[in-house]
Amino acid sequence: MRILVPIKVKILPKVGGGLDYPDFQGVLQIFKDSPGYKGGKIHYDQTSGLGMDSDHSPFGVFWGIKLVDEEFARQAIEAFPDRVTVLSDEEAKDFWENRAYFSTSELSHDVEQLQSLKAEYDLKVIIGQDTVELETKIAKALDPDDSEPGVKRNLVVKWDTMKVEENITIKTDVV
């Protein structure tokens, strides 16, 4: 079980274009002490951007959530107190589901596999071959909980499911 801290990261516009991220790798001691250390990726707010103004993201501010270990969180808050905050589990869930993954489908489709099954079915029907076995395979492919390739659940879309799937426990009391 990994224990991770959800931090909210403020991203600003860079003079001359682009995005100005907190320089975690250049500033945090954890990167200096552990060469090759990875801090986890940022999951961006998909509902707003730098050029938009909303109640949760004023014009010129872009947000992301990052799941990091406690030492990373502690050092990031110390180095960037105006750009990094720890989220509660509920705040992290809200950001994850309603901003970072709000438009991501809960199901993913292996289109190539599904089209292949359809083509095979259509051809068997045309030449009058039995399709019972293939229909069983197609039914399994359409079941997101079956191991047959086809339709699968996207297990990172929902916060609670992602935590279970990734074997994560959330810690929010960083001192």
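Compactness of the chain, taken as the C-alpha radius of gyration over 2.2 N^0.38 Å, stands at 1.40. Put simply, the Cα atoms of the range 107-152 extend 33, 17, 10 Å along their principal axes, the longest span coming first. Could you work out how far helix 111-127 tilts from the main Cα principal axis of the chain, as a 0 to 90 degree angle to the nearest 10? Its long axis makes an angle of about 10 degrees. Within the chain, the longest run free of trypsin sites (Lys or Arg not before Pro) that sit in a DSSP loop with at most 13 other Cβ atoms within 10 Å is 42-175. Using only side-chain charges placed at the Cβ, +1 for Lys and Arg and -1 for Asp and Glu, the dipole size of the chain relative to its Cα centre rounds to 580 debye.
The numbers here are math on the coordinates, done by the rules we state, and not lab data. Just so you know, these numbers come straight off a predicted model, no measurement behind them. Note that each Cβ is placed from the backbone with ideal geometry, even for glycine, and that neighbours are counted across all protein chains shown.
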